[in-house]
Amino acid sequence: KAENASDIHAVAAAIGRTVSVVPLVETAVGLDQLRGILGADLVPFVAFGSLDFALDLGCEHTDSALAYARHRLVLESRIAQKLPPIDGVTQSIDDEDELATDARRARELGFSGKLVIHPAQISAVSKAFRPSQADVEWARSIVNTLGKPTAGAAQVKGQMVDRPVIIRAEQILTRANRL
């Protein structure tokens with residue numbers, strides 16, 4: 001339950017050497033102090049302890065109740081130039097549809113992964129964060145047609161394509177190759 005940057009330094013000091021620390025943001029105080037937590041040099045990214053966060057707020061563990069916190073985690077991570085955060089768990093161990101929906105939502109919001117509570121969840125989460133074949137084909141068509149990002153806009157298959165779209169296509173191809 002990271003609630004400030006000194007928590008990060010205390011963990012590193014207890015270990016006795018320089019290590020990366022992935023803080024769990026699980027409280028309202030932690031979310032309020034997120035910029036300081038992300039400012040710690042030892043933090044490559046943060047993870048969302050969504051169940052504890054909902055408990056701390058006294059709210060339901062639902063998309064709408066946790067939307068603000070999720071958006072803020074992604075936004076503050078970007079502002080701090082850290083890797084995208086990891087989303088919290090899905091409680092249902094054997095409901096693959098719910099897990100896939102939760103993982104897709106996390107990816108759409110800008111999370112780079114999702115915490116799991118059972119090995120049976122790994123495959124569905126991994127699949128949700130991999131670019132689909134359709135995404136890869138779209139990205140290839142953009143990059144192959146236009147090449148490197150330039151100023152101005154072009155049209156590819158009836159879509160306006162400019163620098164941000166080309167960069168997004170490159171990111172999809174990079175992620176597909178990495179995974």
Response to the item:
Those residues of segment 1-26 that are within 28 Å of Ala65 (Cα to Cα) and open to solvent by less than 40 Å² (accessible area, probe 1.4 Å) come to a total of 7
Practice prompt. Residue by residue through segment 92-131, note down the ones that are part of a loop (DSSP other than H, G, I, E, B), modelled with pLDDT of 90 or more and exposed (fewer than 14 other Cβ atoms within 10 Å of the Cβ).
Written response: Ile117, His118
Worksheet item: Which of the residues that make up segment 27-52 are under 22 Å from Val116 (Cα atoms), touching a strand residue (DSSP E or B) at 6+ places or on another chain (Cβ under 9 Å) and either open to solvent by less than 20 Å² (accessible area, probe 1.4 Å) or free of Cβ contacts under 8 Å to residues at least 12 places away in the same chain (or both)?
Response: Gly30, Leu31, Val46, Ala47, Phe48, Gly49, Ser50
Fill in: Qualifying positions in segment 75-87 - over 10 Å from the mean Cα position of the chain (by Cα), open to solvent by less than 70 Å² (accessible area, probe 1.4 Å) and of a type outside the set (Asp, Glu)
Ala80, Lys82
Practice prompt. State whether the residues of segment 41-59 include one that is over 15 Å from the mean Cα position of the chain (by Cα), closer than 27 Å to Pro131 by Cβ, modelled with pLDDT under 95 and outside any helix (DSSP H, G or I).
Written response: no
Worksheet item: Out of (1) farther than 26 Å from Arg78 by Cα; (2) at pLDDT below 90; (3) surrounded by 12 or more Cβ atoms within 10 Å (Cβ to Cβ), the odd one out for Lys157 is which?
Response: (3)
Fill in: Criterion violated by Lys148 - all others in (1) exposed (fewer than 12 other Cβ atoms within 10 Å of the Cβ); (2) out of contact with any helix residue (DSSP H, G or I) (no Cβ under 9 Å at 6 or more places or on another chain) satisfied
(2)
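The values are calculated or read from the model by the stated rules, or taken from the named source; none is laboratory data. In this text, all values refer to a predicted model and were calculated from it rather than measured experimentally. With ideal geometry, Cβ positions are generated from the backbone for all residues, glycine too; neighbour counts draw on all protein chains shown. Heavy atoms of the whole protein, side chains included, go into the accessibility calculation; ligands, DNA and RNA do not. Shrake-Rupley method; radii C 1.70, N 1.55, O 1.52, S 1.80 Å.
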